Amino acid sequence: MANEMMQCGNRGLALSRPQVMGILNVTPDSFSDGGQLLKNGGLDRQNLLQRAAEMVAAGASLLDIGGESTRPGAQQVSIQQELDRVIPAVELISSELDVVISVDTSSAEVITAAAKAGCGMINDVRALTREGALKAAAATKLPVCLMHMQGQPKTMQAAPEYVDVVKDVSSFLQERVRHCQSAGIDRAQLLLDPGFGFGKTLEHNLQLLNRLPQLAELGLPLLVGTSRKSMIGQVLTKPVEERLFGSLATAVLAIAKGAWIIRVHDVAATHDAVAMTSAVLNESVHS
Ligand code: PT1
């Protein structure tokens, strides 16, 4: 395990220690940082590269680029719009920085174009269920993060329902792993994500985090994204710009309960919290 790596295009990520993924939203409407990286409807290249470089300097080993907001209530975007936002961003960052780029998309066209543009991982909140996505992802040979969502972003928070949220999420993810394997994706190329806030009540989200070890039993690396989400706002009664400390608590817990990658807005703070947690769990500093 100690020297095991996951190959992400031309870069490797150590599986033996936790990794921080920085969020770069190239959307006009994301819940906590929408519109910041766009200018007159197009990509603000200079601002994007500066934000990306800051995140890498602060300890992010992956950057997640998304052109479709999937927060609760968000509208769908056209494929052309997504391509126009995401592909230039992938090209720019992959040519300038030493970091793994993951692309947050559900579209086959975006998956194919992003791989060509230099991304190293596919992050799909719809777990490759869209038409053509499974085949497109398999053709890239890149690692894929499969996330659980109940419903669709626009309506998913209306009335989420589960028999047992952890078992239901686990069964869904296992089923998607089987589909991926049938499509020719190696099991070792897969990551799993319970999808915090995606068709889940506060109680569902708390259960998923507390019982994360049950998902770790599936034997695949876990990615967790709770940064600034409403589950933190609901517990603390705080608006999105005051959720950092709560977010850090969930990051620390996620690592302690077996997560590999933490997807966050606040890279510097999360990097330190995660590195400290990891040192304690391993009773040593990572070399
Ligand atoms: C996530 C994730 C993601 N989250 C992965 N990709 C978002 N793999 C986008 C809220 O409750 O967790 N894992 N891509 C952002 N989505 C949300 C969902 C944002 C819920 C906010 C909330 O506030």
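What to note about this one:
- Within the range 88-100, the presence of at least one residue that is surrounded by fewer than 20 Cβ atoms within 10 Å (Cβ to Cβ), more than 26 Å from Pro194 (Cα to Cα) and among the hydroxyl-bearing types (Ser, Thr, Tyr) is confirmed.
- The residue of the range 131-167 that is surrounded by the most Cβ atoms within 10 Å (Cβ to Cβ), among those that are without any contact (Cβ under 8 Å) to a residue 40 or more places away in the chain and touching a strand residue (DSSP E or B) at 6+ places or on another chain (Cβ under 8 Å), is Ala133.
- Only one of the numbered conditions (1) open to solvent by less than 50 Å² (accessible area, probe 1.4 Å); (2) more than 16 Å from the ligand (Cβ to nearest atom) is violated by Asn205, and that is (2).
- Total residues in the range 49-70, condition within 11 Å of the ligand (Cβ to nearest atom), among the polar types (S, T, N, Q) and open to solvent by 10 Å² or more (accessible area, probe 1.4 Å): 1
- Sole exception among (1) open to solvent by less than 50 Å² (accessible area, probe 1.4 Å); (2) away from the ligand (no atom under 11 Å from the Cβ); (3) not basic (Lys, Arg) for Ser171, by number: (1)
- Taken across the range 252-271, residues that are within 16 Å of the ligand (Cβ to nearest atom), buried (at least 19 other Cβ atoms within 10 Å of the Cβ) and more than 30 Å from Ala137 (Cα to Cα) do not occur at all.
- Test: Arg176 is in contact with a strand residue (DSSP E or B) (Cβ under 6 Å, 6 or more places away or on another chain) and farther than 25 Å from Leu24 by Cα: yes
- Check on Leu220, within 15 Å of the ligand (Cβ to nearest atom), closer than 20 Å to Gly120 by Cα and part of a loop (DSSP other than H, G, I, E, B): yes
- Single unsatisfied condition, Asp33 versus (1) farther than 19 Å from Ala127 by Cα; (2) buried (at least 17 other Cβ atoms within 10 Å of the Cβ): (2)
The values are calculated or read from the model by the stated rules, or taken from the named source; none is laboratory data. Quick caveat, the model's predicted, so the values are computed rather than measured. Note that each Cβ is placed from the backbone with ideal geometry, even for glycine, and that neighbours are counted across all protein chains shown. Accessible surface is based on the protein model in full, side chains and every heavy atom, while ligands, DNA and RNA are left aside. Shrake-Rupley method; radii C 1.70, N 1.55, O 1.52, S 1.80 Å.
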